[in-house]
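Report on one structure; see the data block that follows.
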Ligand SMILES: [Zn+2]
Ligand SMILES: [Zn+2]
C-alpha cells in the first residue's frame, strides 16, 4: 500500500474528483465557484459533479449546465452530472457523469437506457447502501462500480465487498471499471480520494471509460480493474473488519455520551 494524493505529480497527470455535490443538492453546501476554488487549491483539474436529480428539474438543469460552464476555466473543469435514486430500490444510487441533457428515469433500467445516450460515464455508487444488490439490468449496462466511497463506512479503505461485486460483473463485462468517489457535500472536508488520468488526455471521462486511470486515496492506490490479488484483498477485508469495529465502538460511545448529556 503506497501512494497518496499528495504524491501525485501534476506535470505528468491530470487529477480529478468524482461524486461531488454542490449547493444544487439539498444537502450540499458549496457553490460551483467554491468548488472551483477547492479544486484549484489542490491542483485538481476536473470535478465530476453528481447533484441529486430530485433537487433539479428540466428548467434548472439548463441553468446548472450554463453555470458549470461559467465556473470552469483552463485550470478546473466542472462537469455537470446527477445522482439518481428509485422508488422500490432502497440504497441504489446511480451516477450519470457528463450529462448532455436532462433525463428523468423512474427505474434503474430506464436509467441505463437513457444514460447510454445522454451520459459520458455511469457509476453504481456506494454498493453497501443497497446491501450489494445491484439489479441485473444495471450490471448489464453500468460503466463502473464505486469501490471506495470516502463518505460512507469506507472513509479510510476501499470496500472489499464492492470490489468483489466489480470482479463478478467483470467476468461477463471486462470493460467495467472500479472508481473511488468523494461523495463530497462540503469542501471543508476533503477525504482525498482522487482519480488520475494521463496529462495528455483532452477528455477525462473518456479516459475513465477506457480504464486509463489510477485510483488514489489516503492509504492506497490501484488501477481501474482493482486487481488487488487474493492476499491483498484478504488483508483489506481484515483491515476493514477492524476499522468497522472501531467505528461502531466510537458510534456507541458517542451515543452513550449524548445520552448522558441529555439526561443531565
Ligand atoms: Zn448516494
Ligand atoms: Zn452522493
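Per-structure values
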| quantity | calculated |
| --- | --- |
| Sorted by Cβ neighbour density within 10 Å, fewest at the top, the residues 159, 73, 55 | 73, 55, 159 |
| Relative contact order computed over the range 1-144 (Cα-Cα under 8 Å; 6+ residues apart), in percent | 18 percent |
| Principal axis dimensions, largest first and in whole angstrom, of the chain by Cα | 49, 49, 42 |
| Antiparallel DSSP beta bridges within the range 5-227, as percent of all bridges there, nearest 5 | 50 percent |
| Mean-position separation - Cα centroids, the range 75-123 and the range 201-264, in angstrom | 23 Å |
| Value at 222 nm in deg cm²/dmol, rounded to 500, when DSSP H runs of n ≥ 4 in the chain each add -39,500 (n - 2.57) | -11000 deg cm²/dmol |
| Global form of the range 1-154, assessed from the alpha-carbon gyration tensor, a/c cut-off 1.5 | oblate |
| Residues 146, 136, 63, sorted so that the one with the fewest Cβ neighbours within 10 Å comes first | 136, 63, 146 |
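All of the numbers you see were taken from the coordinates with simple rules; none came from a lab. Computed from a prediction, not measured in an experiment: that's the story for all the values here. Don't worry about glycine lacking a Cβ; one is built from the backbone with ideal geometry, like all the others, and counts go over all protein chains shown.
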